[in-house]
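A short write-up of the structure that comes next.
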Amino acid sequence: MTAAIMIEEGYAAATSRRVAARAGVKPALVHYYFHTMDDLFLALFRKGAEANLSRYEQALAAHQPLRVLWRLAREPDGVVLLAEFQALANHRKTIRAEIAEYVERFRALEIKAVAARFASRGYEAVPAGAVTVVMSAVARVLVIEDVMGVTTGHQEVLDLVERYLDQLEPSAAESGPA
């Protein structure tokens, strides 16, 4: 409920009264479980972060981990919610620290996947850390602009990324029998 409010209307709209109304409970119950809204925001962030880390770990085991990582990085609700948490973090140090810790853990998983794929293709000279930052930044910009109604250049970027992914992770039909 809190996440839906944040995605639909922004973090400032996620008050204890609004959360309680969405949940169909009295605001006092929200305060019983979460003494402050920061406690609620942190619980929501941690739950989502752990779920996403699990999804990314599963992506590493996928046949085409880079394609899965790219797809996950472009999920609109995830990008919008992260942007709301980042806006919230501008005012709340504890939330900022939590986001930073999660991003570092996530980035390590991404770098592992990209470095392994690059090594298997002989691209060891390409810095995996730089590629992961560029990949996530491009994914976020595409989603944020799309939400605002800006799409100029997006298809060209998507085509470019797909061409590189085709080189790094050819489809099963292209790569032959396993």
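Regarding A23, is this residue open to solvent by less than 50 Å² (accessible area, probe 1.4 Å) and under 25 Å from A100 (Cβ atoms)?
Details: open to solvent by less than 50 Å² (accessible area, probe 1.4 Å): yes; under 25 Å from A100 (Cβ atoms): no.
So A23 does not fit the description; no.
How many residues does the stretch 119-161 contain that are part of a helix (DSSP H, G or I), farther than 14 Å from W70 by Cβ and more than 20 Å from the chain's Cα centre (by Cα)?
Within the stretch 119-161, residues that are part of a helix (DSSP H, G or I), farther than 14 Å from W70 by Cβ and more than 20 Å from the chain's Cα centre (by Cα) number 5.
Could you list, in sequence order, the residues of the stretch 8-17 that are more than 22 Å from L72 (Cα to Cα) and surrounded by fewer than 17 Cβ atoms within 10 Å (Cβ to Cβ)?
Of everything in the stretch 8-17, those that are more than 22 Å from L72 (Cα to Cα) and surrounded by fewer than 17 Cβ atoms within 10 Å (Cβ to Cβ) turn out to be E9, A12, A13, T15, R17.
Cβ contacts < 7 Å: first residue more than 17 Å from G78 (Cβ to Cβ), restricted to the stretch 119-145; second residue at pLDDT 90 or above and open to solvent by 50 Å² or more (accessible area, probe 1.4 Å), any location; separation 6+ or different chain. Result?
Close Cβ pairs (under 7 Å, with a partner that is at pLDDT 90 or above and open to solvent by 50 Å² or more (accessible area, probe 1.4 Å)) amount to A128/I111; G129/I111.
Considering every residue within the stretch 162-170, establish whether at least one is part of a loop (DSSP other than H, G, I, E, B), in contact (Cβ under 8 Å) with a residue 40 or more places away in the chain and closer than 20 Å to Y56 by Cα.
Filtering the stretch 162-170 for residues part of a loop (DSSP other than H, G, I, E, B) gives 169-170.
After this cut, where a residue has to be in contact (Cβ under 8 Å) with a residue 40 or more places away in the chain as well, the list is 169.
Retained after the next criterion (residues that are closer than 20 Å to Y56 by Cα): 169.
Looking for residues that are part of a loop (DSSP other than H, G, I, E, B), in contact (Cβ under 8 Å) with a residue 40 or more places away in the chain and closer than 20 Å to Y56 by Cα, one finds at least one in the stretch 162-170, hence yes.
Which of (1) at pLDDT below 90; (2) in contact with a helix residue (DSSP H, G or I) (Cβ under 6 Å, 6 or more places away or on another chain); (3) open to solvent by 40 Å² or more (accessible area, probe 1.4 Å) is the odd one out, the single condition A61 does not satisfy?
Of (1) at pLDDT below 90; (2) in contact with a helix residue (DSSP H, G or I) (Cβ under 6 Å, 6 or more places away or on another chain); (3) open to solvent by 40 Å² or more (accessible area, probe 1.4 Å), only one is false for A61: (2).
From the residues in the stretch 33-49 that are touching a residue at least 40 places away in the same chain (Cβ under 8 Å) and among the charged types (D, E, K, R), which one is least open to solvent (accessible area, probe 1.4 Å)? Give the derivation first.
Taking the stretch 33-49 first, the residues touching a residue at least 40 places away in the same chain (Cβ under 8 Å) are 38, 41-42, 44-46, 48-49.
Those still in the list that are among the charged types (D, E, K, R) too: 38, 46.
Values: D38: 41, R46: 113 Å².
Ranking the qualifying residues of the stretch 33-49, first place goes to D38.
Is it the case that the stretch 76-93 has a residue that's among the basic types (K, R) and over 21 Å from E145 (Cα atoms)?
Within the stretch 76-93, the subset among the basic types (K, R) is 92-93.
Now narrow it down to the ones that are over 21 Å from E145 (Cα atoms): 92-93.
Yes; the residues of the stretch 76-93 include at least one that is among the basic types (K, R) and over 21 Å from E145 (Cα atoms).
Looking only at the stretch 50-74, which residues are assigned to a loop (DSSP other than H, G, I, E, B) and without any contact (Cβ under 8 Å) to a residue 24 or more places away in the chain?
Filtering the stretch 50-74 for residues assigned to a loop (DSSP other than H, G, I, E, B) gives 61-64, 74.
Selection gives A61, A62.
Among (1) touching a Lys or Arg at 6+ places or on another chain (Cβ under 7 Å); (2) closer than 30 Å to A115 by Cβ, which single condition is D38 missing?
Of (1) touching a Lys or Arg at 6+ places or on another chain (Cβ under 7 Å); (2) closer than 30 Å to A115 by Cβ, only one is false for D38: (2).
Among the residues in the stretch 50-58, are any loosely packed, with under 14 Cβ neighbours inside 10 Å, within 18 Å of G129 (Cα to Cα) and touching a helix residue (DSSP H, G or I) at 6+ places or on another chain (Cβ under 9 Å)?
yes
Among the listed residues V114, V79, V30, identify the single one that is within 22 Å of Q167 (Cβ to Cβ) and open to solvent by less than 30 Å² (accessible area, probe 1.4 Å).
Values: V79 fails: within 22 Å of Q167 (Cβ to Cβ); V30 fails: within 22 Å of Q167 (Cβ to Cβ).
Sole residue among the options that is within 22 Å of Q167 (Cβ to Cβ) and open to solvent by less than 30 Å² (accessible area, probe 1.4 Å): V114.
Applying the selection to the stretch 117-161, what residues are of a type in the set (D, E), touching a helix residue (DSSP H, G or I) at 6+ places or on another chain (Cβ under 9 Å) and open to solvent by less than 80 Å² (accessible area, probe 1.4 Å)? Reasoning before the result, please.
Narrowing the stretch 117-161 to residues of a type in the set (D, E): 124, 145-146, 156, 159.
Still in the list and also touching a helix residue (DSSP H, G or I) at 6+ places or on another chain (Cβ under 9 Å): 124, 145-146.
The one that is of a type in the set (D, E), touching a helix residue (DSSP H, G or I) at 6+ places or on another chain (Cβ under 9 Å) and open to solvent by less than 80 Å² (accessible area, probe 1.4 Å): E145.
The values are calculated or read from the model by the stated rules, or taken from the named source; none is laboratory data. These figures come from a predicted structure and were not determined experimentally. Positions of Cβ are generated from backbone atoms using ideal geometry, with glycine treated the same way; all protein chains shown enter the neighbour counts. SASA here: full protein model, heavy atoms, side chains in, ligands and nucleic acids out. Shrake-Rupley method; radii C 1.70, N 1.55, O 1.52, S 1.80 Å.
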